[in-house]
Amino acid sequence: MEFFVQQFVNALQLGSLYALIALGYTMVYGVLLLINFAHGDIFMVGAFLGVFGSITLDLPFVPTLVLSMVLTGLLGVGIERVAYKPLRQASRLSVVITALGVGLLLENGMLALTGANPRSYPQTFITTRVYDIGGVAISNVKIIIIVLAALLFAGLYTIVQRTKWGMAMRAISYDKFAVPLMGVSQDQIISLTFLLGTGLAAAGGILWGVAFPVLNPYMGLRVGWKAFVAAVVGGIGDIRGAAAGGLLLGFIEIFVPAYGDSIGISSTWRDPIAFGLLLIILVVRPTGLFGVARRQKV
Amino acid sequence: MLFSVQDLHVSYGSIRAVHGVSFEVDEGEIVTLIGANGAGKSTILNTIAGLQRPDQGEIIYRGANLARMDAHNVVKQGVALVPEGRRIFGNLTVYENLRLAGFQVSRDDLEARIKLVYSYFPRLEERRDQLGDTLSGGEQQMLAVGRALVTGGRLMLLDEPSMGLAPILVQHIFEILAEINRQGTTILLVEQNAHMALKLANRGYVLETGSVMLSGPSKELAESPEVQRAYLGG
Ligand SMILES: Nc1ncnc2c1ncn2[C@@H]1O[C@H](COP(=O)(O)OP(=O)(O)OP(=O)(O)O)[C@@H](O)[C@H]1O
Ligand SMILES: [Mg+2]
């Protein structure tokens with residue numbers, strides 16, 4: 001029982017991190033029908049800005065988190081303005097290639113800047129404490145990650161559902177044509193989408209670095225791909241879907257190796273099984289868990 | 001003169017959709033542009049609204065030239081387009097559609113204007129939490145007009161509001177448009193349904209393949225042989 005609860009908390013932690021990153025993919029896709037393949041590398045930049053905040057500037061956890069979210073958010077807005085905006089009328093393929101190029105630029109730029117040695121946050125960043133909750137040992141780090149991710153998601157959900165900015169984001173994803181007629185600048189909404197999506201990826205990056213303290217410039221590749229798959233499985237374009245997809249992936253990735261051995265499945269099968277299950281979901285529901293069939297737009 | 005379009009030229013690549021159109025609308029008027037499929041009616045309205053760039057020409061509203069203005073800034077000037085096909089956001093509720101139309105409007109004005117819209121179209125208030133997708137065509141048209149009112153448009157451009165609606169509904173919506181006009185909104189109405197349009201409007205222009213062929217008071221147009229033959233089945 002204790003083992004199960006611990007694995008459950010681990011799964012929630014990992015799933016929350018995937019969810020935070022998946023949100024950015026899904027939001028950008030929602031407004032631009034663009035898959036931002038640089039998003040995983042933006043997540044990496046967010047994690048490294050945590051190193052900058054905590055070590056270079058010697059800031060505590062919360063200011064570092066805020067700093068990284070703001071700077072990474074602005075980086076996301078800048079990337080959209082410089083790299084994607086000029087291609088709004090261009091073919092999908094040119095945009096995808098540009099996004100991959102931006103990702104390479106970020107990876108290699110970070111490599112040049114920080115070198116190949118893995119980095120981590122200082123011990124004092126979050127002082128680890130282990131709580132005994134009903135006989136189960138749970139570290140405060142996990143609780144912090146899960147609670148923060150939940151709060152960030154709730155904040156985003158409120159913005160998207162309750163504010164005029166969120167309404168504009170949803171409206172763009174339905175029909176771009178009429179949005180300016182409401183007095184809304186489409187460029188502003190797109191910038192806001194990038195700001196929020198990449199800001200959340202930065203939060204994901206820092207929390208990831210807290211949970212798994214080995215940061216390197218390529219850390220965004222694997223994590224980015226997985227979060228992207230989570231967004232697709234959840235139903236790309238829907239933020240509830242990104243959260244659900246991220247959590248689902250976290251649960252599969254933790255529970256397969258945790259219980260696989262006892263039924264004769266080696267833990268090296270973790271990724272094939274995780275992606276196989278996700279593939280089955282997509283076969284059954286091609287639009288993902290929360291997705292609705294999109295009207296073909298011209 | 002509240003509003004005038006002078007020598008407007010618009011093209012899509014090599015297709016010249018509008019060439020040299022001029023017309024005027026006075027404060028408080030209802031003016032209609034009528035014309036067949038492909039005459040360039042939507043192109044003209046979309047260009048006024050800032051969704052399309054003209055090659056040449058001026059669009060003057062209260063002394064400001066709208067011809068090179070972005071669409072969201074045209075709205076700020078007080079010009080609102082009710083687009084062809086209504087273009088309701090189907091994934092937003094009725095209230096959210098109206099709320100979004102008030103994006104640039106202050107909180108107080110917004111609530112007052114939404115109330116006004118509900119007073120013209122009580123159906124929308126009954127349906128306020130329903131998604132746009134679930135409305136009937138007539139209700140969607142009401143919502144499209146409602147959104148234009150919420151933006152604060154003092155000049156309302158309507159692109160074929162009768163499209164696809166039963167005659168009785170068209171009648172109803174045109175009556176509300178007349179009322180909206182009496183309350184001080186100037187209207188430029190584009191229609192294929194020349195019969196209804198000329199009944200509502202004070203004056204009209206007849207558009208053929210991108211140019212104005214005829215213009216005059218609605219009564220005269222309705223009686224002219226060309227209009228009778230081409231648009232009124234006479
Ligand atoms: N996006 C576009 N690309 C190319 N040509 C276009 C485009 N939109 C309109 N046209 C052409 O421009 C001309 C005018 O079209 P427009 O839609 O303005 O006519 P309309 O009078 O509104 O017609 P309808 O009554 O069918 O709505 C037509 O010949 C049309 O084929
Ligand atoms: Mg048209």
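Worth pointing out:
- In terms of the mean number of neighbouring beta-carbon atoms within 10 Å, the peptides A:177-187, A:95-105 order highest first as A:177-187, A:95-105.
- Theoretical ellipticity at 222 nm over the protein assembly as shown - DSSP helices of four or more residues, -39500 (n - 2.57) apiece, nearest 500: -18000 deg cm²/dmol
- Separation of the alpha carbons by more than 22 angstrom is noted, of A:LYS176/A:LYS226; A:LYS164/B:LYS115; A:LYS85/B:LYS76; B:LYS41/B:LYS199, for A:LYS176/A:LYS226; A:LYS85/B:LYS76.
- Derived scalar couplings ³J(HN,Hα) [the range B:69-82; Karplus, 6.51 cos²θ - 1.76 cosθ + 1.60; whole Hz; x for Gly, Pro]: 8, 5, 4, 5, 7, 4, 4, 4, 6, x, 10, 10, 9, 9
- Sorted from longest to shortest, the spans of the Cα atoms of the protein assembly as shown along the three principal axes equal 89, 46, 43 Å.
- Residue of A:VAL77, A:VAL284, A:VAL233 that the Gaussian network model of chain A assigns the largest fluctuation, springs spanning Cα pairs under 10 Å: A:VAL284
- Peptides ranked, highest mean first, by Cβ atoms within 10 Å: ranges A:55-64, B:108-117: B:108-117, A:55-64
- Shape index of the range A:2-218: Rg/Rh, with Rg the Cα radius of gyration and Rh the Kirkwood radius from the inverse mean 1/r over Cα pairs, equals 1.01.
- Peptides A:193-203, B:79-89 ordered by packing proxy, namely the average of other Cβ atoms within 10 Å per residue, highest first: A:193-203, B:79-89.
- Tensor-based shape of the range A:58-129 (alpha-carbon gyration tensor, a/c under 1.5 rounded, otherwise prolate or oblate): prolate
- Averaged over the residues of peptide B:91-104, the number of Cβ atoms from other protein chains lying within 10 Å of each residue's Cβ is 5.
- Peptide-level mean, for A:169-180, of C-beta atoms on other protein chains within 10 Å: 6
- If you take all other residues with their beta carbon under 15 Å from the beta carbon of B:ILE114, and give Lys and Arg +1 and Asp and Glu -1, the sum is +2.
- The protein assembly as shown: antiparallel DSSP beta bridges as a percent of all, rounded to 5: 60
- Comparing B:LEU100, B:ALA222, B:LEU198 along the charge dipole axis of the protein assembly as shown, the residue lying farthest to the positive side is B:LEU100, per the Cβ-charge model.
- Zero-based 10 Å bins, Cα pair distances in the range B:32-152, whole percents: 13, 39, 33, 14, 1
- Averaged over the residues of peptide B:80-87, the number of Cβ atoms from other protein chains lying within 10 Å of each residue's Cβ is 3.
- Candidates B:ARG154, B:ARG62, B:ARG99, ranked by Gaussian network fluctuation over chain B, Cα under 10 Å, top entry: B:ARG62
- Calculated diffusion of the range A:113-254, Stokes-Einstein form, Kirkwood radius summed over Cα pairs, 10 °C and 1.306 mPa s, µm²/s: 91
- Net charge contributed by nearby residues that have their C-beta within less than 11 Å of B:ARG203 (K/R +1, D/E -1): -3
- With θ taken as phi - 60° and the Karplus curve 6.51 cos²θ - 1.76 cosθ + 1.60 applied, the whole-hertz 3J(HN,Hα) list for the range B:98-104 is 5, 4, 5, 4, x, 3, 9 Hz, x standing for glycine and proline.
Since every read-out is calculated from the coordinates, none of them should be taken as a lab result. Predicted, not measured: the structure shown is a model, and the values here were computed from it. Cβ: placed from backbone, ideal geometry, glycine included. Neighbour counts: every protein chain shown.
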